[in-house]
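First comes the structure, then the notes that go with it.
The values are calculated or read from the model by the stated rules, or taken from the named source; none is laboratory data. The structure presented is a predicted model; accordingly, all values stated were derived computationally and were not measured. Don't worry about glycine lacking a Cβ; one is built from the backbone with ideal geometry, like all the others, and counts go over all protein chains shown.
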Amino acid sequence: MTSINRMMDAIRYKAQILARTTKLESGIMGMGLLGFAVGLGVIMLCILIPALILGAI
């Protein structure tokens, strides 16, 4: 009985890790496009604002 309980604990542990990983990946994939757009906007501001201040544009 002890070996079966240990095996069930191992299976339960692996299933919990798999569930957490799946939730994390789903969250990352769901926000990926929004994060890319925000990052692109910030980078464009970091390039355009100094260029406007220095008179390069």
Test each condition in (1) assigned to a helix (DSSP H, G or I); (2) surrounded by fewer than 10 Cβ atoms within 10 Å (Cβ to Cβ); (3) modelled with pLDDT under 85 for Ile4 and report the one that comes out false. (3)
Is there a residue being of a type in the set (A, V, I, L, M), loosely packed, with under 10 Cβ neighbours inside 10 Å and not in a helix (DSSP H, G or I) anywhere in segment 44-57? yes
